[in-house]
Amino acid sequence: MQLAGQAALVTGGASGLGAQTVRELAAQGAKVAILDVNVEAAQALAQEVGGLALHCDICDSASVEAALRAAAEAHGSARVLVNCAGIGGARRLVGRDGSPMPLEDFSRIVNVNLIGTFNVVRLAAAAMVAAEPLEDGERGVIIMTSSVAAYDGQVGQEAYAASKGGLTSLTLPLARDLAQFGVRVVTIAPGLFLTPLLYKLPEEVQQSLAASIPFPKRLGKADEYARLAAHVVTNLSLNGEVIRLDGALRLPPR
């Protein structure tokens, strides 16, 4: 599928990996709808790239349905969905005072990263399946964002690793389920990327993290994720795969 002229949706598109993906898809001619809870940031980016900003809480089905309707009315049936919305968080299973991790800390992260992403996927996929196939029989492409933590979860990352591991495991069955309709599903698992979260860390901490990456010895750049996402859309044979984008990094226990 070529991106030019196609309608695309990017969740969490107002910042970080999502924002750069919005820019890349728009630069390749896609009509991009930015779905985010931060409407002001989404509107600023939409103005920059000529896209559409829509409020969307991925955990709220009514909110997602409303955003998808508005995007379809403006741009037509979406052929591309890139899921970048998600949250982080780290907490040990048993704290220094001996108290167990509150269950709500675990469920909050899983609810956003795993269930929220699935919520958008199921609704967007239903619309893709109903669309007319393109010349090659393809109807759409769905990209999810996992993490190397799905494989190398560190101490205190139980909730985050479980949520991203769920997306990793979800990739193949989704691809198999949607193959009959010509909808592909691919997941990208980034390593240590220079996102707003890492920008807040002291420079010496950033350098220490970068030094742990075999090559290139620097933090990943958001445009590298964005260019891979765009390539996935255009490469018909990429399906049912989880791609680690991490410079050969393997996270240590802590």
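Read-outs throughout are calculated quantities, based only on the coordinates presented, and are distinct from any laboratory measurement. Predicted, not measured: the structure shown is a model, and the values here were computed from it. All Cβ positions, glycine included, derive from the backbone under ideal geometry; neighbour counts span all protein chains shown.
Taking K and R as +1 and D and E as -1, what net charge do the other residues with C-beta under 9 Å from the C-beta of ALA14 add up to?
Its environment carries a net charge of -2.
Using 0.36 nm per residue, how much length does the chain from GLN47 to ASP177 gain when fully extended, once their Cα-Cα distance is taken away?
Working it through step by step, the gained length comes to 43.1 nm.
In percent, how large is the relative contact order of the stretch 28-162, given Cα pairs closer than 8 Å and 6 or more residues apart?
Dividing the mean separation by the residue count of the stretch 28-162 yields 26 percent.
If one takes the longest principal axis of the Cα atoms in the chain, at what angle in degrees, from 0 to 90 and to the nearest 10, does the Cα axis of helix 16-27 lie?
The angle comes out at about 30 degrees.
Label 7 Å along Cα→Cβ of ARG254; the stretch 76-117 residues with amide nitrogen under 18 Å?
Within reach of a label on ARG254: 89-101.
Go through PHE181, VAL32, LEU192 and say which Cα lies farthest out towards the positive end of the charge dipole of the chain; charges sit on Cβ, +1 for Lys and Arg, -1 for Asp and Glu.
The Cα lying farthest towards the positive end belongs to LEU192.
If you take every DSSP beta bridge fully contained in the chain, what fraction is antiparallel? Give it as a percent rounded to 5.
Here the share of antiparallel DSSP bridges comes out near 5 percent.
So, with +1 on the Cβ of K and R and -1 on the Cβ of D and E, and no other charges, what is the size of the charge dipole of the chain about its Cα centre, to the nearest 20 debye?
Here the chain has a charge dipole of around 560 debye.
Do you know the relative contact order of the chain, to the nearest whole percent, from alpha carbon pairs under 8 angstrom that are 6+ apart?
21
Considering the dipole of the chain built from charges on the beta carbon (Lys and Arg +1, Asp and Glu -1) around the Cα centre, which of ILE143, LEU103, LEU68 is farthest to its positive end?
Going by the charge dipole, the pick is LEU103.
Taking only Cα atoms, what is the 0 to 90° angle, nearest 10, from helix 39-49's long axis to the longest principal axis of the chain?
The two axes meet at around 60 degrees.
For GLU241, put the label point 7 Å out on the Cα→Cβ axis and report which residues of the stretch 184-208 keep their amide N under 19 Å from it.
184-191
Between VAL205 and LEU134, with labels modelled 7 Å along Cα→Cβ, what's the label distance in nm to one decimal, could you check?
Going by the 7 Å Cα→Cβ label model, 4.1 nm.
For the chain, find the longest principal axis of its Cα atoms and tell me its angle to the long axis of helix 61-75, 0 to 90°, nearest 10.
40
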